[in-house]
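Here is the structure we will look at.
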Amino acid sequence: MDAIDTKILTLLQEDCSISIAELAQKVGLSQTPCWKRIQRLEATGVVEKRVALVNPEKIGLGLTVFVSVETSDHSGAWLERFAEFVSAMPEVMEFYRMAGDVDYMLRVVVADMAAYDQFYKRLIGEIPLKNVTSRFAMQRVKSTTAYALPPPGSRLSSS
């Protein structure tokens, strides 16, 4: 990745609906080389997909909950079952296996407390868990999907 790729990624993270002509002009390329760079970034998995970001409150999803999960069972079979179940829950926006005092962390977005209660009952009713702790967000202070890109020439992960 070079400085032009970094500029392309920065601009696409700001607005992926930008036209190829405008993007090419902003990064100092003609349209065809710019488009080829985008295609390469997509083919190599640097750009995973392009999406529209939706404001959750505007669609009636006003409650964000961070859910910490602890388990007594650390077997591969348990993890596979748990991961499959949780990943299929549409309320779960992010799902991480953690190091430290909790085993898993979920970011859950629902309409309200009643909707969260239904989610919680499904979660604890399906798979045995040691402890579930819910933390309710009072205000979203910052939310971004744009990564701070490393300077051109620095080593990037190939995964």
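The values are calculated or read from the model by the stated rules, or taken from the named source; none is laboratory data. From a predicted model like this one, the values you see are computed outputs, not experimental measurements. Cβ: placed from backbone, ideal geometry, glycine included. Neighbour counts: every protein chain shown.
Here are the numbers for this structure:
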| item | result |
| --- | --- |
| Any pair with Cβ under 7 angstrom, 6 or more apart, that starts in the range 52-67 at a residue that is within 13 Å of residue 113 (Cα to Cα) and ends at one that is hydroxyl-bearing (Ser, Thr, Tyr) | 63/116; 65/116; 65/134 |
| Answer from 75, 19 - the residue that is of a type in the set (S, T, N, Q) and over 20 Å from residue 146 (Cα atoms) | 75 |
| Answer residue from the range 35-64, given it is of a type in the set (A, V, I, L, M, F, W, C), outside any helix (DSSP H, G or I) and touching a Leu at 6+ places or on another chain (Cβ under 8 Å) and is nearest to residue 11 (Cα to Cα) among those | 47 |
| Restricting the range 98-140 to residues that are assigned to a strand (DSSP E or B) and not β-branched (Val, Ile, Thr), the residue that is farthest from residue 58 (Cα to Cα) | 131 |
| Residue that is under 30 Å from residue 123 (Cβ atoms), touching a helix residue (DSSP H, G or I) at 6+ places or on another chain (Cβ under 9 Å) and among the hydroxyl-bearing types (Ser, Thr, Tyr), where the choices are 71, 32 | 71 |
| Selection count where residues are farther than 21 Å from residue 101 by Cα, in contact with a strand residue (DSSP E or B) (Cβ under 8 Å, 6 or more places away or on another chain) and not in a helix (DSSP H, G or I), scope the range 69-88 | 0 |
| Residue, modelled with the lowest pLDDT, within the range 144-159, restricted to residues that are under 23 Å from the mean Cα position of the chain (by Cα) and surrounded by 10 or more Cβ atoms within 10 Å (Cβ to Cβ) | 156 |
| Top-ranked residue in the range 15-32 [being free of Cβ contacts under 8 Å to residues at least 12 places away in the same chain and aliphatic (A, V, I, L, M); ranked as surrounded by the fewest Cβ atoms within 10 Å (Cβ to Cβ)] | 21 |
| Yes/no for residue 107 being in contact (Cβ under 8 Å) with a residue 40 or more places away in the chain and farther than 14 Å from residue 67 by Cα | no |
